[in-house]
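J.: Mind having a look at this structure? Questions to follow.
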Amino acid sequence: MPKPDIRDLTRPELEAALAALGEKPSHAAAVFGAVYRRGQASLGALEGVPPRTRAALAGAFSMPAFSPVEKTVSSRDGTKKLLLRFAGGAPAECVVLPGKGRLSACLSSQSGCACGCSFCATGRLGLLRSLRPSEITAQFAACLREAGALSSVVFMGMGEPFLNWENVKKAISILSDDRGYHFSQGKMTVSTVGIIPVIKELAAGELKVKLAVSLVASDEALRARLVPMDAKYPLREVVRAVRDYCRARQAQVFFEYILFDGRNDSAADAAKLLELIKGISCRVNLIPQNTAGAAASQAGAARAKDFQKRLIAAGVRTYLRLEKGGDISAACGQLAAGN
Ligand code: SF4
């Protein structure tokens, strides 16, 4: 049996592991500092950790080097897409996205995705496997190296984060740990297609991360066609869970609505969306559909603007997302490991 990777452990888990090895749990802070702050790569030589503890850790755990970034593709707008490959050849893409004077990292939670949303290139890959916490934090580290500094992190890359929630939670814990990367949970957003039990868990839990929910469409029949997961978690029930979440957390949610040219971008569709999300503290991100290579029609672009105006007129904060990284397939629904 290969030894477990120490970077899959949160600090409380590492403290428990140290206690089980007969070592002081408090050394976990020094281990985290050496691994995440100073990037030390050898368990037997971690600075600030007593030699006996280092030897005990090296006997129980591993810390194999990750393969270097396999491919980096840069877009004209400054977006950079990085392809990493993990054990067993599992690909994962992460993206550095430029904004107004800021850089965000978009991370993958799974290699591929089982959800099969019809508009999504990742969905067409199917699920190769879920990523381990260390494989998620390795993407953060790769984006950080590329960007120099990051303002926010979004879990909107390959995969449905709530279907790999235990590992995503651990990655969030390591990223936000003050002895780890010390990256505020308030600057992280987790995006879901609507896995209701986890939305409920977030409503009741301690995590401070923000929630984004991909409504995709406001028409129930259209959404059911585009998002297979809708059969298990129907649109209205998802929105009810979000309403409860916002109330319980006194928080705002981000709704993602994908504008499919001529299919769900009419005035009637805007009215339907407004009715659906009425009373919810939210911001709506309108995402023009990315059909890689095909430019949006002029009429579609005009309808997108009109759609946005209608939402704003109704008092809903609405952002029409300019497609970022479209020329390198790094935009929403386009991550497909170089395919
Ligand atoms: S849109 Fe998200 S949930 Fe749907 S297939 Fe793509 S990655 Fe999976």
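The values are calculated or read from the model by the stated rules, or taken from the named source; none is laboratory data. What you see is a predicted model; the values in this text were computed from it and never measured. Ideal geometry is used to build each Cβ from the backbone, glycine not excepted, and the neighbour counts take in all protein chains shown.
J.: Could you grab me the full set of residues in region 124-138 that are touching a helix residue (DSSP H, G or I) at 6+ places or on another chain (Cβ under 6 Å) and within 16 Å of the ligand (Cβ to nearest atom)?
T.: Going through region 124-138, the residues touching a helix residue (DSSP H, G or I) at 6+ places or on another chain (Cβ under 6 Å) turn out to be 130, 132-134, 136-137.
Across region 124-138, the qualifying residues are SER130, ILE136.
J.: Ok, one more. Condition check: over 16 Å from ASP8 (Cβ atoms), part of a loop (DSSP other than H, G, I, E, B) and under 16 Å from the mean Cα position of the chain (by Cα). Does LEU83 satisfy that? Explain how you work it out, then say what you get.
T.: Values: over 16 Å from ASP8 (Cβ atoms): yes; part of a loop (DSSP other than H, G, I, E, B): no; under 16 Å from the mean Cα position of the chain (by Cα): yes.
The answer is no for LEU83.
J.: Out of (1) closer than 23 Å to VAL238 by Cα; (2) more than 17 Å from the chain's Cα centre (by Cα); (3) in a helix (DSSP H, G or I); (4) more than 16 Å from the ligand (Cβ to nearest atom), what's the single condition that is false for LEU202?
T.: (2)
J.: Aliphatic (A, V, I, L, M), within 16 Å of the ligand (Cβ to nearest atom), touching a residue at least 12 places away in the same chain (Cβ under 8 Å) and in contact with a Gly (Cβ under 8 Å, 6 or more places away or on another chain) - does that describe any residue in region 153-165?
T.: Looking only at region 153-165, we keep the residues that are aliphatic (A, V, I, L, M), and these are 153-154, 156, 158, 163.
Pick out the ones that are also within 16 Å of the ligand (Cβ to nearest atom) and you get 154, 156, 158, 163.
From the residues that got through so far, the ones that are touching a residue at least 12 places away in the same chain (Cβ under 8 Å) too are 154, 156, 158, 163.
When the remaining residues are screened for being in contact with a Gly (Cβ under 8 Å, 6 or more places away or on another chain), the result is 158.
Taking every residue of region 153-165 in turn, at least one turns out to be aliphatic (A, V, I, L, M), within 16 Å of the ligand (Cβ to nearest atom), touching a residue at least 12 places away in the same chain (Cβ under 8 Å) and in contact with a Gly (Cβ under 8 Å, 6 or more places away or on another chain).
J.: Is it true that some residue in region 171-187 is closer than 22 Å to SER104 by Cβ, touching a Phe, Trp or Tyr at 6+ places or on another chain (Cβ under 8 Å) and within 16 Å of the ligand (Cβ to nearest atom)?
T.: no
J.: Picking from SER75, SER104, SER109, which residue would you name as being among the hydroxyl-bearing types (Ser, Thr, Tyr), within 16 Å of the ligand (Cβ to nearest atom) and assigned by TED's automatic domain parsing to the domain that holds VAL216? Please lay out each step first, then the result.
T.: Numbers: SER75 fails: within 16 Å of the ligand (Cβ to nearest atom); SER104 fails: within 16 Å of the ligand (Cβ to nearest atom).
Criteria check complete, one pass: SER109.
J.: Which of the strands (runs of 3 or more DSSP E) found entirely inside region 94-133 contain at least 3 residues meeting this: crowded, with 23+ Cβ neighbours inside 10 Å and aromatic (Phe, Trp, Tyr)? Step through it out loud before you land on a result.
T.: Numbers: elements: 103-106, 110-112, 127-130.
Answer list for region 94-133: none.
J.: Determine which single condition ALA299 fails, assuming it passes every other condition in (1) assigned to a helix (DSSP H, G or I); (2) at pLDDT 90 or above.
T.: (2)
J.: Suppose we filter region 37-53 for residues that are buried (at least 21 other Cβ atoms within 10 Å of the Cβ) and part of a helix (DSSP H, G or I); how many remain?
T.: Residues in region 37-53 being buried (at least 21 other Cβ atoms within 10 Å of the Cβ) and part of a helix (DSSP H, G or I): 1 in total.
J.: Output yes when any residue across region 236-257 is part of a loop (DSSP other than H, G, I, E, B), more than 16 Å from the ligand (Cβ to nearest atom), without any contact (Cβ under 8 Å) to a residue 40 or more places away in the chain and under 30 Å from ARG145 (Cβ atoms), and no when none is.
T.: no
J.: A further question follows. Here is a list: ALA141, ALA121. Which entry is out of contact with any strand residue (DSSP E or B) (no Cβ under 6 Å at 6 or more places or on another chain), within 11 Å of the ligand (Cβ to nearest atom) and under 18 Å from ARG85 (Cβ atoms)?
T.: Values: ALA141 fails: within 11 Å of the ligand (Cβ to nearest atom).
Only one candidate qualifies: ALA121.
J.: Let me ask another. Could you check region 189-233 and list, in sequence order, the residues that are aromatic (Phe, Trp, Tyr) and surrounded by fewer than 17 Cβ atoms within 10 Å (Cβ to Cβ)?
T.: none
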